[in-house]
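Below is one structure, written out as structure tokens, with a few remarks after it.
The values are calculated or read from the model by the stated rules, or taken from the named source; none is laboratory data. Quantities reported herein were computed from a predicted structural model and do not represent experimental measurements. Don't worry about glycine lacking a Cβ; one is built from the backbone with ideal geometry, like all the others, and counts go over all protein chains shown.
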Amino acid sequence: MSDPPVGVFIVDDHAVVRSGLAAYLEFIDDFVLVGEAADGEQALRRLDELAARDSLPGVVLMDLVMPNMNGIEATAHIVERFPSCRVVVLTSFGEVERINAALRNGAVGYLLKDAEAAEVSAAIRAAVRGEVHLDSEIARRLTQDLRCGPAGPGLLTPREREILALLGEGRSNREIANILVISERTARTHVSNVLSKLNLTSRTQAALMAIREGLVPGPQ
């Protein structure tokens, strides 16, 4: 029996962007558009309604610059109130500071607004798997800007450096557990320890740190 389609919710104040993304989703059998909103406040209201019907989306595609409530603030509320929803940021190239803020608030990846349909699909699938999706151009900018606190990668144990490298490859906790032959619970603990030591708040930031430290190849 095949898995049910992944519900996707689009948040963007430009109707043409929402329409374009909705058109992408129509051509992908295992995705379904479950709703859309023009700003963060509207998104939270509609997600509340979907939650009441047990119909929350698996992935929220989130614009950053919107009236009433921006995508950074909305991301924090969604991650707190609807932890099963994964937030993927929709961004323009120059929004590096805002992207960092969204990642700190729990976003798991980001897409440029002019991304091809295949990349939109890849980002959604990665989010569903609990992995990160890094647009290569934005990742390059973020790795240049990323700053680590006093407890840097040099203080990681050899196993924690392995974990950081696997995070850099976008691996989920289950994949990390399988690769290192440990339990998923142990993998989750290691990931938490790595984030804590590096003063990071998301797996995506850890992936960027792994790239910056040369533990995995950087974006081409």
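Mind listing whichever residues of the range 79-121 are in contact with a helix residue (DSSP H, G or I) (Cβ under 7 Å, 6 or more places away or on another chain) and either hydroxyl-bearing (Ser, Thr, Tyr) or modelled with pLDDT of 90 or more (or both)? The answer is Phe82, Cys85, Arg86, Val87, Val88, Val89, Thr91, Tyr110. The residues in the range 81-94 that are among the polar types (S, T, N, Q) and buried (at least 18 other Cβ atoms within 10 Å of the Cβ) can be counted, and the count is 1. The single residue among Val60, Val32 that is outside any helix (DSSP H, G or I), hydrophobic (A, V, I, L, M, F, W, C), surrounded by fewer than 18 Cβ atoms within 10 Å (Cβ to Cβ) and under 20 Å from the mean Cα position of the chain (by Cα) turns out to be Val32.
Looking only at the range 129-140, how many residues end up being part of a helix (DSSP H, G or I) and either surrounded by fewer than 18 Cβ atoms within 10 Å (Cβ to Cβ) or not assigned by TED's automatic domain parsing to the domain that holds Phe27 (or both)?
3
Within the range 54-102, restricting attention to residues that are in contact with an Asp or Glu (Cβ under 9 Å, 6 or more places away or on another chain) and among the acidic types (Asp, Glu), the residue that is farthest from Ser136 (Cα to Cα) is Asp63. In the condition set (1) buried (at least 16 other Cβ atoms within 10 Å of the Cβ); (2) under 27 Å from Met209 (Cβ atoms), Glu97 is compliant with all but (1).
For the range 63-99, the set of residues classified as in contact (Cβ under 8 Å) with a residue 60 or more places away in the chain and in a helix (DSSP H, G or I) consists of Gly71, Ala74, listed by residue number.
If we scan the range 178-186, do we find a residue that is over 19 Å from the mean Cα position of the chain (by Cα), at pLDDT below 85 and outside the structural domain of Glu80 (by TED's automatic domain parsing)? No, because not a single residue in the range 178-186 is over 19 Å from the mean Cα position of the chain (by Cα), at pLDDT below 85 and outside the structural domain of Glu80 (by TED's automatic domain parsing).
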